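> I have a structure I would like to understand better, so I am pasting it below and will then ask my questions one at a time.
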Amino acid sequence: DGGITQSPKYLFRKEGQNVTLSCEQNLNHDAMYWYRQDPGQGLRLIYYSQIVNDFQKGDIAEGYSVSREKKESFPLTVTSAQKNPTAFYLCASSIVPGGPGDEQFFGPGTRLTVL
Amino acid sequence: AQSVAQPEDQVNVAEGNPLTVKCTYSVSGNPYLFWYVQYPNRGLQFLLKYITGDNLVKGSYGFEAEFNKSQTSFHLKKPSALVSDSALYFCAVRDRGDRDDKIIFGKGTRLHILP
């Protein structure tokens, strides 16, 4: 089966700790994205990557970091600098960056709770 | 800058009745438009998209949407609602002239189908 996997499904973190969320895709997609979802605010873009070893900040990148060392993987680190990290995090991918109307495919999400 | 608005936070429809979930957009050029659905604690699932051509787009699960350029709208419709259609629906837009591979999502509309 092709798709996007995110792990873990639920994650608990103490304040002041960094935590890394995993995102893997076997769809052979070039572009990958990280979104944050909060109730009533829809999806907000954190980071995105159009090609291996390159990524760009989205609308709310402060307190987050990413890497794109492999085409299949796009891990997100939530650092202690992120002031309000409790949220539902969604990873997505699309076929070709800038492709005509390419839809994004989403993973099942990771719910992060800071204690 | 592109934007998308979903004016209704929640829509209630009786089972068997037609449903409409509203979406309006703003882009500087021509749009690519998308609808996604999200079930509780899950990622988003792609429903349908408008790229070009016929203004009426048919998608998954019996949903359709009509692109109206003069009203800058892309409302989601279904002729007969099912209880299983109850979910959170997101409209999204991408500006064709935007070199960044970014899609802007609305805040979502929660659809309740009443048995």
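> How high is the relative contact order of chain B? Use alpha-carbon pairs under 8 Å, at least six apart in sequence, and give a whole percent.
With pairs under 8 Å counted, the relative contact order is 38 percent.
> Ok, one more. Which whole number in µm²/s is D for segment B:23-65 by Stokes-Einstein, with the Kirkwood Rh taken over Cα pairs at 4 °C and 1.567 mPa s?
Once the numbers are plugged in, D ends up at 110 µm²/s.
> In addition: Calculate the translational D of the protein assembly as shown in whole µm² s⁻¹ from Stokes-Einstein, where the hydrodynamic radius comes from the Kirkwood formula applied to all Cα pairs, the temperature is 20 °C and the viscosity 1.002 mPa s.
Once the numbers are plugged in, D ends up at 118 µm²/s.
> Quick one: which of B:105-111, B:83-89, B:64-70 comes out on top by average Cβ neighbours within 10 Å, and what's the full order, highest first?
Final packing ranking: B:105-111, B:83-89, B:64-70.
> Could you let me know the centre-to-centre spacing of segment B:27-82 and segment A:11-42, using Cα atoms, in angstrom?
25 Å
> Next question, about the same structure. Ranked by Cβ crowding within 10 angstrom, fewest neighbours first, how are A:Tyr64, A:Tyr33, B:Tyr39 ordered?
Ordered by Cβ neighbours within 10 Å, fewest first: B:Tyr39, A:Tyr64, A:Tyr33.
> With label points built 7 Å along Cα→Cβ from the Cα atoms of B:Ser84 and A:Asn53, find their separation and express it in nm.
4.7 nm
> Across peptide A:14-23, what mean number of C-beta atoms from other chains lies inside 10 Å of a residue's C-beta?
Mean number of neighbouring Cβ atoms from other chains: 0.
> What percent do you get for the relative contact order of segment B:12-54 when only Cα pairs under 8 Å and 6+ apart count?
Dividing the mean separation by the residue count of segment B:12-54 yields 29 percent.
> Could you give the size of the charge dipole of the protein assembly as shown about its Cα centre, using +1 on the Cβ of each K and R and -1 on the Cβ of each D and E, expressed in debye and rounded to the nearest 20?
Around 360 debye, computed over the protein assembly as shown.
> Let me ask another. I'd like the trypsin sites (Lys or Arg not before Pro) in segment A:44-92 restricted to DSSP loop residues with at most 12 other Cβ atoms within 10 Å, sorted by number.
Passing sites in segment A:44-92 are A:Lys83.
> While we're on this one: Magnitude of the Cβ-charge dipole of chain B, K/R +1 and D/E -1, about the Cα centre, nearest 20 debye?
Here chain B has a charge dipole of around 120 debye.
> When only alpha-carbon atoms count, how far does chain B stretch along each of its three principal axes, as whole angstroms with the largest first?
Principal extents (Cα only, largest first): 44, 30, 22 Å.
> While we're here: Would you mind giving the mean number of other chain beta-carbons within 10 Å of the Cβ of each residue in A:47-54, as a whole number?
Average neighbour count from other chains, rounded to a whole number: 1.
> Something else: Among A:Thr20, B:Thr72, rank each residue by its count of other Cβ atoms within 10 Å, from fewest to most, as a rough exposure measure.
Ascending Cβ contact count within 10 Å gives the list A:Thr20, B:Thr72.
Every read-out reported here was derived from the displayed coordinates using simple, explicitly stated rules and does not represent laboratory data. Not measured: the values here are computed from a predicted model. Methodologically, a virtual Cβ is constructed for each residue, glycine included, from the backbone with ideal geometry; neighbour enumeration extends over all protein chains shown.
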